[in-house]
1. Is there a residue being assigned to a helix (DSSP H, G or I), within 25 Å of A:Glu171 (Cβ to Cβ), at pLDDT below 95 and more than 56 Å from the chain's Cα centre (by Cα) anywhere in segment A:105-125?
2. Do we find a residue being over 25 Å from the mean Cα position of the chain (by Cα) and either surrounded by fewer than 20 Cβ atoms within 10 Å (Cβ to Cβ) or assigned to a helix (DSSP H, G or I) (or both) anywhere in segment B:204-223?
3. Within segment A:84-99, is even one residue assigned to a helix (DSSP H, G or I), of a type in the set (Asp, Glu) and more than 54 Å from the chain's Cα centre (by Cα)?
4. Please state which of the following conditions B:Gly126 fails to meet, knowing it meets all the rest: (1) within 27 Å of B:Phe69 (Cβ to Cβ); (2) within 14 Å of chain A (Cβ to nearest Cβ).
5. Give segment B:46-62 a look and list any residue that's part of a helix (DSSP H, G or I) and either more than 8 Å from chain A (Cβ to nearest Cβ) or among the hydroxyl-bearing types (Ser, Thr, Tyr) (or both), or say none.
6. Which of the numbered conditions does B:Thr207 fail, given that it passes all the others? Conditions: (1) more than 23 Å from B:Ala266 (Cα to Cα); (2) β-branched (Val, Ile, Thr); (3) touching a residue at least 12 places away in the same chain (Cβ under 8 Å).
7. Consider B:Ile158 carefully, then state whether it is buried (at least 22 other Cβ atoms within 10 Å of the Cβ), more than 9 Å from chain A (Cβ to nearest Cβ) and over 18 Å from B:Met262 (Cα atoms).
8. Name the single residue, out of those in segment B:34-51 being out of contact with any Ser or Thr (no Cβ under 9 Å at 6 or more places or on another chain) and surrounded by 15 or more Cβ atoms within 10 Å (Cβ to Cβ), that is farthest from B:Leu139 (Cα to Cα).
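The values are calculated or read from the model by the stated rules, or taken from the named source; none is laboratory data. Please read all numbers here as calculations on a predicted model, not as lab measurements. Note: ideal-geometry Cβ built from the backbone for every residue, glycine included; neighbour counts use all protein chains shown.
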Amino acid sequence: MILAAEQENVLRIHWDEFTFGLIAFLVILAVVYKMWPRLTKALDERADQIEGGIARAQKAEAEADEIRQQYKEKLEEAHREYAQELEKAKEQRAAIIAEAREEAQVEARRIIEAAQAQIEADRQQAFVQLRGEIGALSTELATRIVGETLGDDAARSRVVDRFLEELERSEGSTQAEVR
Amino acid sequence: MGADVSVVAASEPGCHIFNDFGCGFEAPGVSLFFPTPWVDFGLPGTSGLNKYYLVAVVALLVAAAFWYFTTRNAKVVPSRGQSMAELLVGFLRDQVTRTAIGKEGDRYLPLMVTLFIFIFSMNVMGLIPGLQLPVTSNLAFPAVLAIIVFLLWNVIGIRHHGFGGHFKARLVPSGVPGWILPIVVPIEALSNFVIRPGTHMIRLFATMFAGHLLLALFAAAGFYMFNPTSPMGPIFGAISVGYSGLALVGFLLFTAFELFIMAVQAYVFVLLSSIYIGEALEGAH
């Protein structure tokens, strides 16, 4: 240290100024240290509050996330149920249509069969009736033509039957030819 | 001490450029930094009660009041003053102690805040009208602070690494071959224990000294060159006013630059203090 009190030496250090500087420094240091806890306390409190705020925000966010997840699941479930219902309805519709068609077919077949049976019955009846009438008519015709009464009923019916059988035979062959 | 009467401007009254009695410009000299003491203690090695005391008291009050009033009502929601104090503390913590020392440097944050506000207020006294004398242009004041930091550096080193450990770390660089140690150890001793605290104080002192001298030169030159009523005619009078205007512009520019330098030097002093303390904490490296 240059303590020489040389005239106008810019690097001089006067010990009284030095001491005064030391005192001034210590005074400011004391003030700073005295006030320091107040500032750090405020800063710590602020940090706490900010951290608390962040924690609250995170919690709220987590809750919101959860609720959103729930809603999403519910929505998906609803969609799924709707799709299922739709599928079921489609199936039901198809089943109903199929059933109706089945019934209609059965009914139609039944009607057709009934008609056929009716036709067959009618034909049979007509055939039987015709057979009787043709017998009587031909007998009558033959009686008139021949002028002779065919003795007994038995002989008459035998003649008629033979005639009809011949007729049927020839009819069957002509039918076959037509087809 | 400082026996000659010194004023900022040229010594001879009425001495201006373009005068007919041929007086030259006398630049302000180092006598600026030796104000006449109002009370002489009459002791060897003392300066007596001079302007430095007055300005230092003002700087002390400014620094202490700044800190007191900005942190007095520290709240969670800060006021303007508190925000300023927090800004300063945050800056010194993030830019100085955390980078130079690390997390444990927070313990030394009050010291760094003290150094910064004290040095900056002492520096800025050079720009306050009426005072216009940076306290740090007197080597005694930077020396106090540099010596405190130097002592703290040793105390921390010895406390953390023991007496031998501290001095071994400071004097014997690791990885140096043994035969070269007789040369290295004296160099390290000189470098770490003499030159370093010396440069620490002189860096601050010299920039403030030179800056103040420069401002005084511009002021004195502007005053010297202002001579509108020159006996050599109105043309020379107008020229003198032009010269004086240039000096004023230079003065204003350098005043703004000085303010920047004052803040930078306070920052540099604090940063170096932190680096030294961090080094002492770290020990050998």
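1. yes
2. yes
3. The answer is no, given that none of the residues of segment A:84-99 is assigned to a helix (DSSP H, G or I), of a type in the set (Asp, Glu) and more than 54 Å from the chain's Cα centre (by Cα).
4. Condition (2) is where B:Gly126 drops out.
5. Passing the criteria: B:Lys51, B:Tyr52, B:Tyr53, B:Leu54, B:Val55, B:Val58, B:Leu61, B:Val62.
6. (1)
7. No; evaluated as a whole, the condition is false for this residue.
8. So, considering only residues that are out of contact with any Ser or Thr (no Cβ under 9 Å at 6 or more places or on another chain) and surrounded by 15 or more Cβ atoms within 10 Å (Cβ to Cβ), the one farthest from B:Leu139 (Cα to Cα) is B:Leu49.
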